[in-house]
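Down below is the structure, laid out as structure tokens.
The values are calculated or read from the model by the stated rules, or taken from the named source; none is laboratory data. As the structure is a computational prediction, the values presented were derived from the model and not from experiment. Every residue, glycine as well, gets a Cβ built from its backbone with ideal geometry; the counts of neighbours run over all protein chains shown. Protein only, heavy atoms only, side chains kept; ligands, DNA and RNA dropped before computing areas. Shrake-Rupley method; radii C 1.70, N 1.55, O 1.52, S 1.80 Å.
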Amino acid sequence: SRQHACAGPIVRPTRVCAMAASRGRAAAAVVFRWSFLPFLLPTALAEESAAGRLVRTGQAGSLRKLLNDGTSMPMVGLGTWQAPAAEVEGAVYTAICDSGYRHIDAAQIYMNQESVGQAIRRAMHNCSVKREELWVTSKIWMVDFHPRDVPAAADRILQELGLDYVDQLLLHWPLAYARPPPGCPPDCPAEFAKTDVAMRPRGPDGHMVTADIPLSDTWSALERIKAAGKVRSIGVSNFNVEEIERLGAKALPAVNQVEVHVFWNQAPLLEEMRRLGVAVVAYTPLGNPALYRDAMEGMASRLVGDIAAEAGLTPAQAMLNFLLAQDVVVVPKSVTPSRIRSNIDFELRLTEAHMARLAAEAPQRRLSNPP
């Protein structure tokens, strides 16, 4: 896997990382504090009132994030990764019509966009929701990173969703895959001998088959899709600072969607993105308990449970509050109506003391590995 420095594979070494490494966990807490206080409270005031002052107030479902391209997206969305097609349509419809969601996060590789689109269109028809009230994000997968393939990929996404445009389109990972020839699988040449799914090309050794396609070329093709009016905002996912710089873009990505949660707080990356003016969107903001239950305690941890109880929140709400308080957009995934509602229907209640404790005491571990 691609190992970067400073607590994991997303962040490159920086002066802040070096300081944190030399001073240990306490320094990491300081780095975290610096990452959100500058745009919320003066440090001295925060120190004095840490026990009781809320970091940020407001109803989660009403929060919006103004992006560097002038668009504005709801800060709580519904994630659809690993949501079976048979369940995701009902989940998206419930989210929009019954729980007030106006942000849906989808992707080409999730293999469920037709059901997501059906739910969106049904909600617009039945629930008096206008298309312009919704924010729909999708992502271009890595076999489509050649500039000549990007337009067809965008059109395929629109066709699957049944929409005239998407609000945001992202490059899913900072790496291009080679595209298998038609008919592979099952009839694959030696180069793609172990390929069993066309979107995940594998060579004879079982490793992914990559392609030497500059990210700057792919990004330029995505910019042309935006200029054509098929997408309002463009961004990236799972990129670090150096990879964003390699885009060579006149205008930086509007967002960088990455794994962020209490147990992988990405403090150095958040600081770098804030410096660049690139918004961070958190996938797996609850640690994906269905998939990674054995890897970490997550919402079941005593730390999260105690802080949630003190704040009058559920453990899931406390983990989401932790990110929203730092101006991070969240896209928690659920197909359960009660959880869908609970993830958006709450007031932000974490104090400075709660935030500092979560930053200092939560063990850090990345869950989502590069493909």
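Search the range 349-359 for residues being part of a helix (DSSP H, G or I) and open to solvent by 30 Å² or more (accessible area, probe 1.4 Å), and hand back the single one that is farthest from E310 (Cα to Cα). Going through the qualifying residues, I end up with A356. Before we move on, is V136 of a type outside the set (G, A, S), at negative phi, surrounded by 18 or more Cβ atoms within 10 Å (Cβ to Cβ) and assigned to a strand (DSSP E or B)? Yes; evaluated as a whole, the condition is true for this residue.
Residues checked against (1) among the charged types (D, E, K, R); (2) surrounded by fewer than 22 Cβ atoms within 10 Å (Cβ to Cβ):
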| site | (1), (2) |
| --- | --- |
| A86 | no, yes |
| V92 | no, no |
| C97 | no, yes |
| D105 | yes, no |
| M111 | no, yes |
| E114 | yes, yes |
| G117 | no, no |
| I120 | no, no |
| K130 | yes, yes |
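For the range 180-213, residues that are within 28 Å of L247 (Cα to Cα) and of a type in the set (K, R) total 2. Residue check: Y165 meets all listed conditions (1) in contact (Cβ under 8 Å) with a residue 40 or more places away in the chain; (2) open to solvent by less than 20 Å² (accessible area, probe 1.4 Å) but one, namely (2).
Among residues of the range 319-340 that are within 19 Å of S138 (Cβ to Cβ), those with a beta-carbon under 9 Å from a residue that is of a type in the set (K, R) at least six positions away or on a different chain give the pairs V329/K65; P332/R339. For the range 201-233, a residue qualifies if it is within 24 Å of the chain's Cα centre (by Cα), buried (at least 17 other Cβ atoms within 10 Å of the Cβ) and of a type in the set (K, R), and the qualifying residues are K226, K230, R232.
Please verify whether D306 is acidic (D, E), under 20 Å from the mean Cα position of the chain (by Cα) and modelled with pLDDT of 95 or more, treating the condition exactly as stated. Here the answer is no, as D306 does not meet what is asked.
Just checking, does the range 322-329 include any residue being under 21 Å from the mean Cα position of the chain (by Cα) and among the β-branched types (V, I, T)?
Looking for residues that are under 21 Å from the mean Cα position of the chain (by Cα) and among the β-branched types (V, I, T), one finds at least one in the range 322-329, hence yes.
Within this structure, P147 passes the test of being touching an Asp or Glu at 6+ places or on another chain (Cβ under 6 Å), surrounded by fewer than 22 Cβ atoms within 10 Å (Cβ to Cβ) and either of a type in the set (A, V, I, L, M) or at negative phi (or both). The condition of being touching a Lys or Arg at 6+ places or on another chain (Cβ under 9 Å) and open to solvent by less than 50 Å² (accessible area, probe 1.4 Å) holds for only one of A311, A282, that being A311.
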